[in-house]
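The values are calculated or read from the model by the stated rules, or taken from the named source; none is laboratory data. Note that the coordinates shown come from a computational prediction; the quantities given were computed from them, not determined experimentally. Cβ: placed from backbone, ideal geometry, glycine included. Neighbour counts: every protein chain shown. Ligands, DNA and RNA are excluded from the accessible area calculation, which covers all protein heavy atoms including side chains. Shrake-Rupley method; radii C 1.70, N 1.55, O 1.52, S 1.80 Å.
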Amino acid sequence: MMYNLLSELILLVKTYESSNDNPVAELAPFLSWLNGRHGNRETSAPNPQWEGKARGRSADSVINTSLVHLYRYARLHAKAAIAESAFSTPDEFIYLICLASGGSMSKTALIRQNVHEKATGTLIVNRLLKKGLAEQQTTDNDKRSRIINITAKGTEELNNSIENIKMASANVTEPLSAPEKMELIALLLKLEDFHHERSAGKF
């Protein structure tokens, strides 16, 4: 099944719904809007300027640098959001968010979901266990396998920090409009899905 296509289509519907074109829940108006949107992209493709472009600096280089910089800005906002909480690093509450939204999972699955190497992910999980924010259990089938659960304390700490965390996330994307956010999500998911498939088994 073409999950990537479905994901992009859902994002397009959300963009259409938040547009100023009086969206109607019918196929014909949506297709008309989509065709117009596609046509505008073809005729007025953006031509951004960046430092070093005239000297041959590539778009790939700019994208990679911007992603690294945005990651650092995001961590600064996240650190400020958890300054008065039980979390030592942003990774700790991200791991708990994964457990709260996705349910219990193996330690390996949790680490892979966060795209960490095993050693780094294990340190994060161990800190959560030590603080009582998560707990681990063995499975009946494999005593070596560890299932990680969020605890009541972990849920409480997450709930206490969630508004600050949401504000930190909003600060990172503050200048973008709702349609721009939907377009960015589609592009980022496309990149992430591609690298997830290529890196299967490496984390």
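Below are the figures for this structure:
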item: For Rg/Rh (Cα atoms, Kirkwood Rh), calculated from these coordinates, the label among (1) 0.94; (2) 1.03; (3) 1.05; result: (2)
item: Top positive-direction residue, dipole computed over the chain with Cβ charges, set ASN159, PRO179, ALA134; result: ALA134
item: Positive minus negative residues near VAL62 (Lys, Arg vs Asp, Glu; Cβ under 13 Å); result: +1
item: Distant-in-sequence amide H partners of ALA134 (H built 1.01 Å from N, under 5 Å); result: LEU129, THR151
item: Ordering of 49-56, 104-111, 24-31 by packing [mean C-beta count within 10 Å, highest first]; result: 104-111, 24-31, 49-56
item: Whole-percent carbon and sulfur share, accessible surface of region 81-139, 1.4 Å; result: 51 percent
item: Selected from ASN35, ASN160, ASN149 as most flexible by GNM, with the chain as the system and alpha-carbon contacts under 10 Å; result: ASN35
item: Lysines whose Cα lies under 28 Å from that of LYS14, excluding same-chain neighbours fewer than 8 positions away; result: LYS166, LYS181, LYS190
item: Amide H contacts under 5 Å for ARG57, placed H, 5+ residues apart; result: none
item: Proximal aspartates and glutamates relative to LYS79, as straight alpha-carbon distance under 20 Å, when same-chain residues fewer than 8 apart are discounted; result: ASP91, GLU92, GLU156, GLU157, GLU163, GLU174
item: For LEU133, net neighbour charge (Lys/Arg +1, Asp/Glu -1) across residues whose Cβ lies under 14 Å away; result: -1
item: Over the chain, relative contact order from alpha-carbon pairs under 8 Å, at least 6 apart, %; result: 25 percent
